[in-house]
Amino acid sequence: MKNEQTDRYDAIIIGSGLGGLATASLLSQMAGKRVLVLERHSKLGGFTHCFRRKHHEWDTGVHYVGEMQYGSQTRQVMDFVTGGGIQWNSLGDPFEHFVFPQETFDLPDNQPDILAALVKRFPDEQDALEQYFRDIQKMRDWMVRWYVGKTLPDWMASLLTMFRRRMATMNTGEYLAKQFGDPFLRAVIAAQWPDFGTPPSDSSFAFHGIVSGDFLNGGYFPAGGGTVLAEHTKEVIEAHGGACLVNRSVKNILIENGKATGVVAIRKEKEVTYRAPIVISNAGGVITFGKLCPEGHGQRERNRIARMTPGPSVNVLYLGLKEDPRKHGFDAGNYWLYARTDHNLEADPNNPEQVDGCYFGFGSLRNPGQEPHTAQIISFSEDRHWARWDNTKWKRRGEDYEQKKAATAEALLDHVELFFPGFRDLIDYQELSTPLTVKTFTDHWHGTIYGSVCNQHRLYRDRWPVKTSVKNLYLTGSDVGIPGVNGALMSGVMTAGTLLAPLGLGVARIMMRAEREHKRRAKQTADTAASPSIVDTALDRKEEVGV
């Protein structure tokens, strides 16, 4: 600890989720900044990290990612952030299985085929479907402007998003009811709502549009699991003189003369002070101003917190399997298992942990070579249902907590068994995480995984801009953007862009640089493929001399 350098950095980032790592990578590459990333957990990556039990391995948050087809703008940014060394595997075609009691709808991995499949199943809705896909593109374009607005003063951001604001803030359920007459079609169109955690009855259409639009070209998974995102980005940061340190829980942000000047972190039960002229929080707006920022600062942000409604947390059942699930008819796609077609019905208040829908998928099938095989079952929950154990420690919460976990795990398995009888026989190992697990390892507000509810208030009234009311203190991460891997990635672009140049110019510089790097790598790959190998060249020489 005596030899640890604490004041040689140009910026400090609190939290190593993808938003924080992306910001650090971009500042390193675009401006030569030495960035220090501090992580409270023992592993980097936030929800991109993996963990092991016995011989089994699972991803905690990366299940599939959209827009990772080669050449897409999002892929260009991801490659730039991570150094371009990650292989993205397609989940296949179809990549989504929307399973309802009466019928399953399989979603193809490209927009023309998606539209064709929907029209084939719902021929009377063809005109409405074609208009829907046009509206999805409008929302994707609108959300780009909304993102850029995070780098601008409020009045400029409002002007930038004025066009089509009414559609963007429209309730998703209202849009679907107006657009489609068939209730089953509405259920299929809305089936990906758990990807951002707010059902159609509560969400704004802009969130539905940007998230569903992200998957119009299928789903992808990084070879090696989500942990490679942090590993590759860490290499980029360190190559530019930065550092990524784990087991550093930030206690508070230092503010001197109205400016953020560093942080105090806990390492091995001792306080360590790290100083830098710029502090960037990837811990979420609520944690940043509710816990880390000293009293008397950030009143504007504290007022925002008082208005906000938290989104959901999750129960996740991690499963180790005895054999390859493909032998039983499963594939690498996602299985969304719904007990009903109405996504808007609230859970039974007398049975808050009742499972009426879940995500079900096999991480090992989308990561070739991973054995033994694994699966996950995920359903939403709330930390209030686990509040009685809130002040207990991980792995030491008591027998009654373990009994509740066991009952929750059985309820999840019962739900899967409704659709796939006999699946239990494949299970070799199981372990359940709860909202308390999320709070323990991330310190997220209410154990949320997506931040606040994705409604119109998150778009406007309760939006988190990059720049805060405290000088030299900035935000990044999903609070600045939207839920998901790509949401966090693009928040890094907005935060780094804000620090590089004003009025969106920094963002434009990043996007152009990412495109140039993509073209350079593509040319390098093409040149390598066109060059004869050493063996081929030697054989050619032998032919020339008649050998």
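Laboratory data are not the source of any read-out in this text; all were calculated from the coordinates shown. None of these values were measured; they are calculated from a predicted model. When we count neighbours, we look across all protein chains shown, and the Cβ atoms used for this are built from the backbone with ideal geometry, even at glycine.
Annotations for the structure displayed:
- Of all DSSP beta bridges in the chain, antiparallel share, percent nearest 5: 75
- Applying a DSSP loop filter and a limit of 13 other Cβ atoms within 10 Å to the GluC sites (Glu not before Pro) in segment 17-110 leaves Glu103.
- Each Lys or Arg adds one and each Asp or Glu takes one away; over the other residues whose Cβ falls under 15 Å from the Cβ of Arg307, this sums to +3.
- Here segment 313-441 is assigned +1 on the Cβ of each Lys and Arg and -1 on the Cβ of each Asp and Glu. Its dipole about the Cα centre then comes out at about 460 debye.
- Dipole axis of segment 178-242 (+1 Lys, Arg; -1 Asp, Glu on Cβ), positive-most option in Ser212, Thr227, Gly242: Ser212
- Net dipole in debye of segment 288-331 [+1 Lys, Arg Cβ; -1 Asp, Glu Cβ; about Cα centre; nearest 20]: 220
- When only alpha carbons are used to place a centre, segment 295-326 and segment 5-29 end up 22 Å from one another.
- Using C-alpha pairs under 8 Å with a sequence gap of at least 6, the mean separation divided by the residue count of segment 1-140 gives a relative contact order of 13 percent.
- Cα-projected label distance for Ser469 with Lys393, points at 7 Å along beta-carbon direction, nm: 3.8
- Helix-derived mean residue ellipticity, 222 nm - over the chain, DSSP H n ≥ 4, -39500 (n - 2.57), to 500: -11500 deg cm²/dmol
- Among the chymotrypsin sites (Phe, Trp or Tyr not before Pro) in segment 102-195, those placed in a DSSP loop whose Cβ has at most 15 other Cβ atoms within 10 Å are Phe163.
- Fraction of beta bridges assigned by DSSP in segment 232-299 that are antiparallel (%, nearest 5): 100
- Seen from Lys471, the other residues with C-beta closer than 12 Å to its C-beta sum to a net charge of +1, counting Lys and Arg as +1 and Asp and Glu as -1.
- Since only Pro108, Cys454, Val35 are under comparison, the one whose Cα sits farthest along the positive direction of the charge dipole of the chain, derived from C-beta charges on Lys, Arg, Asp and Glu, is Val35.
- Sparsely packed loop sites in segment 402-478 (the trypsin sites (Lys or Arg not before Pro) outside DSSP H, G, I, E and B with at most 14 other Cβ atoms within 10 Å) comprise Arg461.
- Using a cut-off of 26 Å between Cα atoms, the listed pairs Lys150/Lys259; Lys270/Lys467; Lys138/Lys523; Lys270/Lys439 include Lys270/Lys467; Lys138/Lys523 as exceeding that distance.
- Estimated at 0.36 nm per residue, the fully extended path between Ala306 and Tyr429 surpasses their Cα-Cα distance by 40.1 nm.
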